[in-house]
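K.L.:
Next up is a structure, given as structure tokens.
The values are calculated or read from the model by the stated rules, or taken from the named source; none is laboratory data. Only a predicted model underlies this, so the values are computations on that prediction, with no experimental measurement involved. Because the Cβ atoms are built from the backbone with ideal geometry, glycine has one as well, and the counts that use them run over all protein chains shown. Note: areas computed on protein heavy atoms with side chains; ligands, DNA, RNA excluded. Shrake-Rupley method; radii C 1.70, N 1.55, O 1.52, S 1.80 Å.
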Amino acid sequence: MINELPGKPAPYYLKSGHGPRRVVAGHLVTRIARAEETGGLFDAAVWSAGRGAEIPLHRHKHSNQAVMVLAGQLDLNLEGRVSRLSPFDFASIPAGTVHGHRVHGHHTRFLEWTTGGDAGKLPESLGDPAETSAVPADIATLTPDQQSAAGTIDTHFEAASSASPAGAHTRTTPPAGPAPYVLESGEGERLIAGDQMFTFLAHQGNTGGEFITLTTRGPKGDRIPRHFHEKHTECFFCLEGAMTMWAFDEEIALGPGDFLHVPAGTIHAYRLDAPSNNFLGILAPGLFEPFFRTLCDPYPGYDFPAQPWPFRFDRVVAALPSLDLRLVEGPPRP
Ligand code: FE
């Protein structure tokens, strides 16, 4: 299934910019995953807007949210503190956090995903179908009627609060528990296995176990072994470089902005193809976290290493019965 949402839980692939589009308060919102496709595990969309577009302060009672900026600059207000987010900066917005945003860059784009509640349905609930792929020229804001209607999708607007010093939620690693935070590009919990560096942006403790998210950086390399997961969905969003994926008996080329949805039970594999590559993984629920902690070691660097580190797949093989990983071909050579 290519370049359209299947409307049911199934694997599919969207090239950058594809998916149903809505206009919400001056933003063009492109849906890349809905509860129909994910079996209710998460909703995801790419938001595009120009300077001045905003969503006023609000909170979700049940929905955990995450944001990664893809282009431009986004001023994100978390509990009255504003952080200016640049490309590949990440924010975790757990249920209960008062938050809102105002777009700063003239060409800003960000990926947003939601678990555990209905807030991800906001584009369909409050938006209008977009007639073109153009970013709206008018910076409309949400009307009071729209704001009160949002209550039915776990979205509760608030009176404005005064902003306190910028960056107060900025960290270098995720906290232990479900607090709001911002990680600038490159920050996060960094791990290494072979020639690939994994950076946890959110672990299970941050999301009530509903998802984990991490980036993978590496050079051109070999295909990883074909495998599947029985209990979790894995999504791949290419940020930089190029990769080839194998899923549902197709070979798929992913470039920046391309998205692949791999539900439980789908045999898949990937290979990094460009001299330098970076992709975002969203795994829901988050139960696959122990795989990375078994395979990897803590890593002090900020990019993949010049020489590969030890590749301890032997530790994965030893722990295989407890990991949600089913290999359908032999493990890689050390
Ligand atoms: Fe996988």
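K.L.:
Counting only other residues whose beta carbon sits under 12 Å from that of P11, what net charge do I get with K and R as +1, D and E as -1? Spell out each step's value before the answer.
P.N.:
Working: positive: K8; negative: E37, E234, D249, E250.
Net charge around P11: -3.
K.L.:
Taking K and R as +1 and D and E as -1, what net charge do the other residues with C-beta under 15 Å from the C-beta of T132 add up to?
P.N.:
Working: positive: R21, R22; negative: D128, E131, D138.
Computed value for this residue: -1.
K.L.:
Relative contact order for the chain: what is it in percent, counting Cα pairs under 8 Å that are at least 6 residues apart?
P.N.:
17 percent
K.L.:
A further question follows. Where both partners of a DSSP beta bridge lie in the chain, what percent of those bridges are antiparallel, to the nearest 5?
P.N.:
Details: 93 of 97 bridges.
Here the antiparallel bridges make up roughly 95 percent for the chain.
K.L.:
Give the accessible surface of segment 18-179 per residue, rounded to a whole number of Å², with probe radius 1.4 Å and ligands, DNA and RNA excluded.
P.N.:
Working: 6620 Å² over 162 residues.
Accessible surface, normalised per residue, equals 41 Å².
K.L.:
Something else now. Counting Lys and Arg as +1 and Asp and Glu as -1, what is the net charge of the other residues whose Cβ lies under 10 Å from the Cβ of N277? All intermediate terms of the calculation are to be shown ahead of the outcome.
P.N.:
On the way: positive: R217, K220, R271; negative: E240, D273.
Around N277, the charge tally is +1.
K.L.:
Does segment 192-240 come out rounded, prolate or oblate, given a ≥ b ≥ c as the square roots of the eigenvalues of its C-alpha gyration tensor, rounded meaning a/c under 1.5 and, failing that, prolate meaning a/b above b/c?
P.N.:
oblate
K.L.:
Another question about this same structure. Ordered by residue, what ³J(HN,Hα) values in Hz, to whole numbers, does segment 9-18 give under the Karplus form 6.51 cos²θ - 1.76 cosθ + 1.60, where θ = phi - 60° and Gly and Pro are x?
P.N.:
Result, ordered by residue: x, 6, x, 7, 9, 10, 5, 3, x, 8 Hz.
K.L.:
Once the dipole of segment 126-282 is set up with Lys and Arg at +1 and Asp and Glu at -1 on Cβ about the Cα centre, which of Q146, Q196, A159 lies farthest towards its positive end?
P.N.:
Q196
K.L.:
For a quick protection proxy, order the peptides 4-15, 236-247, 315-326 by their average other-Cβ count within 10 Å, most packed first.
P.N.:
The most tightly packed comes first, giving 236-247, 4-15, 315-326.
K.L.:
Given the whole protein assembly as supplied and a 1.4 Å probe, what does the accessible area of V328 come to in Å², nearest 10?
P.N.:
60 Å²
K.L.:
Also, I was wondering about something else. Using the Kirkwood formula over every pair of different C-alpha atoms, what hydrodynamic radius in Å results for the chain?
P.N.:
20.2 Å
K.L.:
As a test of reading the structure, rank S185, S63 by solvent-accessible area (1.4 Å probe, protein chains only), most first.
P.N.:
Largest accessible area first, the list is S185, S63.
K.L.:
Between segment 174-247 and segment 290-334, what is the C-alpha centre distance in whole Å?
P.N.:
13 Å
K.L.:
For a test of the definition: using alpha carbon positions, the gyration tensor, and the 1.5 limit on a/c, classify segment 188-327 as rounded, prolate or oblate.
P.N.:
Here segment 188-327 falls in the rounded category.
K.L.:
Based on C-alpha coordinates, I'd like the Rg and Dmax of segment 18-179, in Å.
P.N.:
Rg then Dmax for segment 18-179, in Å: 14.6, 44.
K.L.:
Give the residues of segment 188-202 whose amide nitrogen is closer than 12 Å to a point set 7 Å from the Cα of D314 in the direction of its Cβ.
P.N.:
none
K.L.:
Give me the three principal axis extents of segment 80-175 from the C-alpha atoms, as integers in angstrom, largest value leading.
P.N.:
Projected onto its principal axes, the Cα set of segment 80-175 covers 40, 29, 27 Å.
K.L.:
In terms of modelled amide H atoms, which long-range or inter-chain residues lie less than 5 Å from the amide H of A202?
P.N.:
Those lying under 5 Å, H to H, from A202 are T213.
K.L.:
With a 1.4 Å probe and all protein chains left in place, how much accessible area per residue does segment 188-327 have, in Å²?
P.N.:
Heavy-atom SASA per residue in segment 188-327 reads 37 Å².
K.L.:
Can I ask one more? Please figure out what share of the DSSP beta bridges in segment 188-327 is antiparallel and state it in percent, rounded to the nearest 5.
P.N.:
If I count the DSSP bridges inside segment 188-327, around 100 percent turn out antiparallel.
K.L.:
With a 10 Å cut-off between alpha carbons and a GNM built on the chain, which of A71, A159, A119 moves the most?
P.N.:
Highest fluctuation among the options: A159.
K.L.:
Given H placed on each backbone N at 1.01 Å, which residues far from L78 in sequence or on other chains put an amide H within less than 5 Å of it?
P.N.:
For L78, the qualifying residues are S83.
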